[in-house]
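Enquirer: Please read through the structure below; I'll follow up with questions.
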Amino acid sequence: MYHYHSDHLGSASFVTDAEGAVVQHLQYLPYGELFVSQRNTEKFDSRYKFTAKELDNETSYTYFGARYYDSELSGWLSVDPMSDKYPSLSPYCYSADNPVVLVDPNGEELNTYDGPPPKVITNNKEAIKHYYNGNGEPVKIGENITNELLKTKEFKEYHNKIISGEVENKGYFNVNMEKEKKSFFIGHTNISYKVTSSEDNKNCTVTYTIYTNDGFWDPDYIKENMGNKMAFDINITLLSAKEIFGIDIGYINTEKFKPDGLGPNLELGGTPYHFIETIIQYTFENPGYY
């Protein structure tokens with residue numbers, strides 16, 4: 001099991017194992033060419049490097065979704081499908097020739113990075129605080145929360161099926177974190193996975209992508225859905241809101257209020273926000289996928 005630690009552009013800087021030991025250290029030149037790649041094991045070499053995009057083993061190019069990118073040439077290998085939107089730019093140039101400030105999420109449009117690294121949420125209290133005090137900025141989920149997810153019954157059961165070759169080589173499944181006292185804010189979350197093999201087909205690597213299209217929509221979600229049975233534990237957190245952000249939101253009438261979703265919410269002042277994807281990899285002996 002491997003954890004990715006990214007820089008402000010999303011590029012993997014360090015990769016650690018389940019015990020927290022560094023297995024790979026990466027540094028990049030501005031356009032993504034590797035400047036430093038240090039590995040503590042020959043068994044693992046991250047395929048997710050520059051801006052967390054997958055390196056295609058067959059071509060040695062980085063696949064962004066809409067097209068392939070060559071970091072050594074600092075350019076795309078095909079024309080920008082949205083080049084008419086940027087007539088002043090070459091249809092082959094990456095991020096308008098400004099890779100320190102701009103990122104290209106999928107090979108089509110540009111995104112601007114103009115702020116500090118994303119906030120890291122490590123517990124329910126921080127999640128609720130960001131809901132009321134933040135402006136909807138996406139957050140990164142702390143390693144402690146992700147580790148809790150990896151220890152859930154649902155994850156371990158499906159992981160065992162994957163490494164045993166009992167399921168397809170790609171797909172998705174669901175994990176429910178609502179009953180976890182330290183991380184109930186995650187709720188239900190989908191996990192997609194993809195299994196790839198080494199060149200000699202002896203080993204496989206499963207890549208999990210967690211928190212895709214997920215986020216924190218509603219601090220009272222469990223209470224509104226499950227009634228007062230769990231309300232006491234949840235309100236221990238909610239009532240501490242007074243010391244966090246100076247207001248007492250008290251108890252919510254479970255019969256009057258309904259579960260919230262992304263968009264205008266019932267809790268005054270709250271702003272929903274997305275979770276940034278987390279990538280986890282695990283290498284195992286090929287059970288017969290390829």
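Enquirer: Post the alpha-carbon centroid distance, segment 123-187 to segment 68-102, in whole angstrom.
Expert: If we compute the Cα centre of each part, the gap is 35 Å.
Enquirer: How far apart, in nm, are two points set 7 Å out from the Cα along the Cα-to-Cβ line at LYS179 and at GLU72?
Expert: Spacing of the two 7 Å Cα→Cβ label points: 5.3 nm.
Enquirer: Just subtract the alpha-carbon distance of VAL167 and VAL100 from 0.36 nm times their residue separation and send over the number in nm, one decimal.
Expert: Length difference between fully extended and current span is 20.0 nm.
Enquirer: Something else about it: State, to one decimal in nm, how far the label point of PHE35 lies from the label point of ASP17, with both points 7 Å from Cα in the Cβ direction.
Expert: A separation of 2.9 nm, rounded to one decimal place.
Enquirer: How far apart, in nanometres, would the label points at VAL120 and LYS194 be if each is projected 7 angstrom from Cα along the Cα-to-Cβ direction?
Expert: Result for the modelled spin labels: 2.7 nm.
Enquirer: Give the calculated FRET efficiency between ASN201 and VAL79 to the nearest 0.05, with a Förster radius of 30 Å applied to their Cβ-Cβ distance.
Expert: For R0 = 30 Å, the calculated efficiency reads 0.25.
Enquirer: Moving to a separate point now. In whole Hz and in residue order, list the ³J(HN,Hα) couplings for segment 19-35 that follow from phi through the Karplus curve 6.51 cos²θ - 1.76 cosθ + 1.60, θ = phi - 60°; x for Gly and Pro.
Expert: 8, x, 7, 6, 9, 7, 10, 10, 9, 10, 6, x, 8, x, 5, 5, 9
Enquirer: Could you grab the relative contact order for segment 2-112? Cα pairs under 8 Å, six or more apart, rounded to a whole percent.
Expert: Result for segment 2-112 is 17 percent.
Just so you know, all these numbers are worked out from the coordinates, no wet-lab data involved. These numbers come from a predicted model, not from an experiment. Using ideal geometry, Cβ is built from the backbone for each residue, glycine included, and neighbour counts are taken over all protein chains shown.
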